[in-house]
Amino acid sequence: MRRIRSSWTRPAALGAALALVVVTAAWTSAPVTTSVFKGAKVNGGTATFEMMDGKRTLTLSDDFKVPDTPAPHWQVVDSKGNTYLLQRLVVKDDKFNKTITLPAYVRDVSKVQIWCAWAEALLGEASFESPVK
């Protein structure tokens, strides 16, 4: 009797595990968009999280306007409240970093912020409905 039971549960367990992998892969590959940025200098636009070529990326929407401040940067906040200052929005020759790759040490992202590193001030913030990993 035990042999029959184990032979029946193995395929069911494998099927359940496969379904979980497929659902998880589909969920992580779908782009997730934040709320609209709101703040002192940034009011408009969104950020989108997605997997691109196996890397976790954030991309600003086309309607996002770069704030007129000396050193605006990407900054993210994780689900534990840790803040990570990342790349500048505008670099040499007015190149706009519209898309960035998240470093491996950033485990998840709850909020995307635009931070002025020169004035040390929050310029705008947008949140995800739930943290993205």
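All of the numbers you see were taken from the coordinates with simple rules; none came from a lab. Keep in mind that this is a model prediction, so the values were computed, not measured.
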Check: Around A121, which amide H atoms from residues at least 5 apart in sequence, or from another chain, sit under 5 Å from its own amide H, with H modelled in the peptide plane?
Finding: C116
Note to self: I'm a student and want to see the number: the projected area of the Cα convex hull of region 31-132, averaged over all directions, in nm².
What the structure shows: 6.3 nm²
